[in-house]
Amino acid sequence: MVLKMVTITNIQPKISERAGLVPEQEEPAIPCFFCGVCCTKYRVKVSLAEARHICEGLGLNWYIFLSNYVEPSSAGTDSFYLRQQDGVCIFLKKRGGEHQQYMCLVHAWKPAACHEWNASLHRKECQEGLLRYWRLTVTPEGQLQGSEEKSRGLQLFLKSLGANTVPAYSNCENTTIVDSYKGN
């Protein structure tokens with residue numbers, strides 16, 4: 001399997017254009033289900049200030065941070081690319097569990113490029129995560145399809161995260177998953 005690597009950066013055009021979405025396809029943010037797919041598809045570019053903020057948050061020496069967490073070929077003076085390890089962001093770690101959830105180790109200090117990312121049923125990465133870990137698909141109209149068991153499992157998982165309901169999650173075998181979501 002060949003993965004296309006794309007760079008996300010906070011100085012590129014607005015996020016919908018970076019993700020290849022047309023404006024009418026955009027929708028309100030949905031809860032992230034921690035599949036980690038987006039963290040495998042993009043190289044994250046951080047500014048010097050963001051890199052220092054992450055470094056300080058981790059309590060690391062600046063030079064240790066640069067040598068261990070920044071792509072050596074990108075070490076500049078104004079911006080850097082976070083290193084990838086085995087095709088994933090070095091700060092993404094598997095939590096395990098039935099649905100192979102992932103967590104970001106620098107979530108508290110995440111750079112703008114990551115902060116701007118909004119999960120969406122129209123994003124290929126989110127669709128891939130839903131299919132891979134929940135066995136749910138998304139129709140062209142943005143509605144989830146799948147078994148009642150899988151959709152109920154996703155509903156319980158999202159509720160465990162404190163999510164209220166998102167209308168797009170309501171068409172899974174007559175199972176309402178969420179009505180509204182308050183993004184972070």
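The values are calculated or read from the model by the stated rules, or taken from the named source; none is laboratory data. Since we're looking at a predicted model, the values are computed, not measured. Because the Cβ atoms are built from the backbone with ideal geometry, glycine has one as well, and the counts that use them run over all protein chains shown.
Scanning the range 137-184 for residues that are at pLDDT below 50, over 18 Å from the mean Cα position of the chain (by Cα), in a loop (DSSP other than H, G, I, E, B) and not polar (S, T, N, Q) yields GLU173, ILE177, VAL178, ASP179.
Filtered by the rule that a residue be in contact with a strand residue (DSSP E or B) (Cβ under 9 Å, 6 or more places away or on another chain), surrounded by 12 or more Cβ atoms within 10 Å (Cβ to Cβ) and in a helix (DSSP H, G or I), the range 54-80 gives ILE54, LEU66, TYR69, SER74. Contact map, the range 101-114: residues that are touching a residue at least 60 places away in the same chain (Cβ under 8 Å) paired with residues that are acidic (Asp, Glu), Cβ distance under 6 Å, separation 6+ or inter-chain. Pairs shown: PRO111/GLU50.
Condition (residue is among the charged types (D, E, K, R) and at pLDDT 90 or above) applied to the range 87-105: is it met by at least one residue?
Residues of the range 87-105 that are among the charged types (D, E, K, R), as a first pass: 93-95, 98.
If we keep only those that are at pLDDT 90 or above as well, we get 93.
There is at least one residue in the range 87-105 that is among the charged types (D, E, K, R) and at pLDDT 90 or above.
Which of the residues belonging to the range 81-91 are more than 17 Å from GLU116 (Cβ to Cβ) and either loosely packed, with under 14 Cβ neighbours inside 10 Å or among the hydrophobic types (A, V, I, L, M, F, W, C) (or both)? Scanning the range 81-91 gives GLN85, ASP86, GLY87, VAL88, ILE90. Being more than 22 Å from CYS35 (Cβ to Cβ), among the aliphatic types (A, V, I, L, M) and at pLDDT below 95 is a description that does not apply to ALA108. Residue check: GLU116 meets all listed conditions (1) crowded, with 21+ Cβ neighbours inside 10 Å; (2) modelled with pLDDT of 85 or more but one, namely (1).
Within the range 27-53, the set of residues being among the basic types (Lys, Arg), in a strand (DSSP E or B) and touching a helix residue (DSSP H, G or I) at 6+ places or on another chain (Cβ under 7 Å) comprises just one member, LYS45.
Residues in the range 110-143 that are touching a Lys or Arg at 6+ places or on another chain (Cβ under 9 Å) and farther than 30 Å from TYR81 by Cα: 3 in all.
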